[in-house]
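Trainee: I'd like to ask some things about the structure below.
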Amino acid sequence: GAFYIENFMQVEFYLVSLTLEDVPNQGTIQFPCNSWVYNSKLYKSDRIFFSNKTHLPGDMPAPLKKYREDELVILRGDGTGERKEHERIYDYDVYNDLGNPDSNARLARPVLGGNTTFPYPRRGRTGRKPTKTDPKSESRSDSVYLPRDEAFGHLKSSDFLVYILKSASQNVIPQLQSALPLVGQTEFNTFKDVRDLYEGGIKLPTNILSDLSPIPLFKELFRTDGEQALKFPVPKIIQVDKSAWMTDEEFAREMIAGLNPHVIKVLKEFPPQSKLDKQLYGDNTSTITKQHVESSLGGVTVEEAISNNKLFILDHHDPLFPYLSKINKTTTKAYATRTVLFLQNDGTLKPVAIELNKPNPQGDNYGPISTVYTPTKQGVDGSIWQLAKAYVVVNDSCFHQLVSHWLNTHAVVEPFVIATNRHLSVVHPIHKLLLPHYRDTMNINALARNVLVNAEGIIESTFLWGGYSLEMSAVVYKDWVLTEQALPNDLLKRGVAVEDSSSPHGVRLLIEDYPYAADGLEIWGATKSWVEEYVSFYYKSDAAIVQDSELQAFWKELVEVGHGDKKNESWWPRMQTRAELVQTCSTLIWIASALHAAVNFGQYPYGGYILNRPTLSRQFMPEKGSKEYDDLAKNPEKVFLNTITGKKETLTDLTIIEVLSRHASDEQYLGQRGDGDNWTADTAPIEAFKRFGKKLVEIEQKLIQRNNDERLRNRYGPAQMPYTLLYPSSEEGLTFRGIPNSISI
């Protein structure tokens, strides 16, 4: 049932598997290993690997029980000391390594996790020494400890993508930024200047080109016609129509088929309300009135529209408003926004009002200064409306990057990876079920803490929330509920669906043509069916769940430590029934696969054109009588460009999201496993998994047919950009489709 192995070489090697053939009374025995084995002197006890037979703790063959338990003890470690490269220990820590206070007081950042002000999921512990300036913060280093088998090392191309990310942040971006003044190109002046990034390219000094050209991927960005220029791929949003992004229909469509398609809510009370403390922030009730919106409702009153579920809201007010005064003291200038939308008879959404709120100069407790804008196409008012939409998108871009993408997928999954490895043996059925959905997540998260979400890293430098980015995501985590991450529950919570037992998946969409939700429900249904079949094979009763000592230890620690700042919440499943286990595993798989795919692989196709998804606002809305207002009348493009993300930040943003939106050549997609049929010795689960794979192929065909249905206008919109982010399969590269098993980029 298991074997020991010792390595007497000075170098480590990667052991994929061991197969024993012609074993008497057994035939062939498979041992899946997939692990780095170091020189035996580095280990306190010999490395052990188990066969692919799957056992609950209670039915493990008696001679093997102790080995199973001992291996888990090794993986848990003792919680002390600095971790070494060869170790395989999984342990927890708070986010106290984002800042670098020893380098500069400006780079100090609050500790996230372990306190009520900034609760947060836990990350993997490294045990690095505290900083000299702040004993609560951990010192930083170029290489971050990962349990050895979590590190990219399977000679894969996502290794490559991570290497490129590092190169981009440490070498490429500083070089590009230093080159801009040399070639007199520090700002965009016209929309054509922005399109030149893809059509003509940026001319660069020869010395910079020679520095960058050896880096893989950046080779692709250089023009092949001998021009010394850096040229980005054309983002999908402008491939067919260069100005479709400016339409109200496309602006609204991207709330249900764009990068951040799971924030929009049904509007049930008018005017929209706030949950902010009135003593601290004054009255934040919306100032949008019936007069603002009813002229756009086609003869319907607000009351009728609300009772018929026709009004929706994209609300980026409450999370942002408490931070606005601080943000607006920096070089960025922002508003808390609310956008009200009307569901038209043709199934499309139309924005009918945008509210921009900024703090009262007398103090936050005086409440916001609000201005409401309504749709206009002509003249200066048309330009003002275009700017109002841009302020909304800037907020949506920040919320997408820091909450929908980083917090709600990357950060919340890491404690599951740690708890699984600490408490569920490799022969445990739930370990085997979840393992493909953890691949490379701790690694990409460690890299993110080093170059993306760290103090003055890529995110702080190019997104509106700046130095407050991660602490603002911690404030949003206060409202995070695991059970609401399951897609049907999320849709019900936002009021965009209602319970309906006659509908597939038990919910009916109020926006029938809602591409993310409609496609997501197909993926959710197939995933849950597979998990149900798998769980019922190993657990014949609810009692078996309660009696599973490893599962209970895993769940207790996940709740009390991994997500320990939320351990007292009443919504946690108690993990006493098969239904709870099925729902929890399905939700986790959904987060790591389809949800992450939906919010990640559209980053460059939508956001690669900065005019469509700006990440910063640098000046307030021009007011009548001001010089800026006059400029807007004369040159609306220049004022728009001076307001949104600048050229330097745009180049940084494009360079990074172009890498983040790519698939690796050896990506493993939902319905696939890298270990073939050898992951378990049980044939029924293998057959069930194959059925799951076939079902996903059928779903993909169904989604392709939906995109060919011209009645479903939200599926392709004015930009003629079909919604493909939840097609399960993909090729390598920048494809705008494909659901990998795990959060690996």
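The values are calculated or read from the model by the stated rules, or taken from the named source; none is laboratory data. Since this is a predicted model, take the numbers as computed values, not measurements. Neighbour counts are summed over all protein chains in view; Cβ atoms, including those assigned to glycine, are modelled from backbone coordinates with ideal geometry. The area values use the complete protein model at the heavy-atom level, side chains included, leaving out ligands, DNA and RNA. Shrake-Rupley method; radii C 1.70, N 1.55, O 1.52, S 1.80 Å.
Trainee: So which residues in the range 327-342 are open to solvent by 10 Å² or more (accessible area, probe 1.4 Å) and either under 18 Å from N284 (Cα atoms) or not basic (K, R) (or both)?
Mentor: N328, T330, T331, T332, Y335, F342
Trainee: Continuing with the same structure: With the checklist (1) part of a strand (DSSP E or B); (2) among the β-branched types (V, I, T); (3) at pLDDT 95 or above in hand, flag the one item I74 doesn't pass.
Mentor: All conditions are met except number (1).
Trainee: Which pairs do you get when a residue that is closer than 9 Å to G201 by Cβ, found in the range 220-249, comes within reach of a residue that is modelled with pLDDT of 95 or more, reach meaning Cβ atoms under 9 angstrom, with the pair 6+ apart or on two chains?
Mentor: Partner pairs satisfying both residue conditions: F232/Y604; F232/G608.
Trainee: Now, a different point. Within the range 518-560, work out how many residues are of a type in the set (A, V, I, L, M, F, W, C) and either open to solvent by 60 Å² or more (accessible area, probe 1.4 Å) or closer than 27 Å to R508 by Cα (or both).
Mentor: Adding up the residues that qualify gives 9.
Trainee: Kindly evaluate V426 against the criterion of being touching a residue at least 60 places away in the same chain (Cβ under 8 Å), among the aliphatic types (A, V, I, L, M), closer than 30 Å to F689 by Cβ and open to solvent by 10 Å² or more (accessible area, probe 1.4 Å).
Mentor: yes
Trainee: With the structure loaded, tell me whether Q177 is at pLDDT below 95, open to solvent by 30 Å² or more (accessible area, probe 1.4 Å) and touching a Lys or Arg at 6+ places or on another chain (Cβ under 7 Å) or whether it fails that test.
Mentor: Yes; evaluated as a whole, the condition is true for this residue.
Trainee: If you don't mind, another one. Looking at A448, A419, A474 in this structure, which one is over 19 Å from N395 (Cβ atoms), modelled with pLDDT of 95 or more, outside any loop (DSSP other than H, G, I, E, B) and among the aliphatic types (A, V, I, L, M)?
Mentor: It is A419.
Trainee: Related question: Restricting attention to the range 573-590, report how many residues are touching a Phe, Trp or Tyr at 6+ places or on another chain (Cβ under 9 Å) and in a loop (DSSP other than H, G, I, E, B).
Mentor: 3
Trainee: Still on this structure, I have one more. Where residues in the range 50-72 are aliphatic (A, V, I, L, M) and over 32 Å from the mean Cα position of the chain (by Cα), which of them is least open to solvent (accessible area, probe 1.4 Å)?
Mentor: The residue in question is M60.
Trainee: Here are K358, K377: which of them is among the charged types (D, E, K, R), open to solvent by 20 Å² or more (accessible area, probe 1.4 Å), in a strand (DSSP E or B) and not assigned by the TED database to the domain that holds S593?
Mentor: Just a single option satisfies the conditions, and that option is K358.
Trainee: List the pairs whose first member sits in the range 716-736 and is on the phi > 0 side of the Ramachandran plot, whose second member is of a type in the set (D, E, K, R), and whose Cβ atoms are under 6 Å apart, counting only residues at least 6 apart or on separate chains?
Mentor: From residues that are on the phi > 0 side of the Ramachandran plot, the pairs are G717/E250; G717/R253; G733/R662; F736/K236.
Trainee: For the structure I just gave you, tell me whether L712 is open to solvent by 20 Å² or more (accessible area, probe 1.4 Å), at pLDDT 95 or above and within 28 Å of D241 (Cβ to Cβ).
Mentor: Spelling it out, L712 is indeed open to solvent by 20 Å² or more (accessible area, probe 1.4 Å), at pLDDT 95 or above and within 28 Å of D241 (Cβ to Cβ).
Trainee: Looking only at the range 567-593, which residues are small (G, A, S), surrounded by fewer than 24 Cβ atoms within 10 Å (Cβ to Cβ) and closer than 22 Å to L434 by Cα?
Mentor: A579, S586 - these are the residues of the range 567-593 that are small (G, A, S), surrounded by fewer than 24 Cβ atoms within 10 Å (Cβ to Cβ) and closer than 22 Å to L434 by Cα.
Trainee: Take the conditions open to solvent by less than 80 Å² (accessible area, probe 1.4 Å) and under 37 Å from the mean Cα position of the chain (by Cα) and apply them to R106. Does it pass?
Mentor: no
Trainee: Further question on the same structure: For K634, which of the numbered conditions (1) open to solvent by less than 50 Å² (accessible area, probe 1.4 Å); (2) not assigned by the TED database to the domain that holds P429 fails to hold?
Mentor: Unmet for K634, out of (1) open to solvent by less than 50 Å² (accessible area, probe 1.4 Å); (2) not assigned by the TED database to the domain that holds P429: (1).
Trainee: Would the range 464-483 turn up any residue that is closer than 22 Å to A579 by Cα and open to solvent by 30 Å² or more (accessible area, probe 1.4 Å)?
Mentor: yes
Trainee: Is it true that some residue in the range 448-460 is free of Cβ contacts under 8 Å to residues at least 24 places away in the same chain, touching a helix residue (DSSP H, G or I) at 6+ places or on another chain (Cβ under 6 Å) and in the same structural domain as H563 (by the TED database)?
Mentor: yes
Trainee: Which one of R613, R691 is within 27 Å of I743 (Cα to Cα), crowded, with 23+ Cβ neighbours inside 10 Å, of a type in the set (K, R) and touching a residue at least 40 places away in the same chain (Cβ under 8 Å)?
Mentor: Every option except R613 fails the conditions.
Trainee: Further question on the same structure: Go through the range 467-494 and give me each residue that's touching a Lys or Arg at 6+ places or on another chain (Cβ under 9 Å) and more than 16 Å from T409 (Cα to Cα).
Mentor: G467, Y468, E471, K493, R494
Trainee: Could you grab me the full set of residues in the range 94-103 that are open to solvent by 20 Å² or more (accessible area, probe 1.4 Å) and touching a Gly at 6+ places or on another chain (Cβ under 7 Å)?
Mentor: The one that is open to solvent by 20 Å² or more (accessible area, probe 1.4 Å) and touching a Gly at 6+ places or on another chain (Cβ under 7 Å): V94.
Trainee: Looking at the range 476-505, I want the residues that are on the phi > 0 side of the Ramachandran plot and have a partner that is open to solvent by 50 Å² or more (accessible area, probe 1.4 Å) and part of a loop (DSSP other than H, G, I, E, B) with Cβ atoms under 7 Å, at least 6 apart or on another chain. Which pairs are those?
Mentor: From the range 476-505, the pairs are G495/K268.
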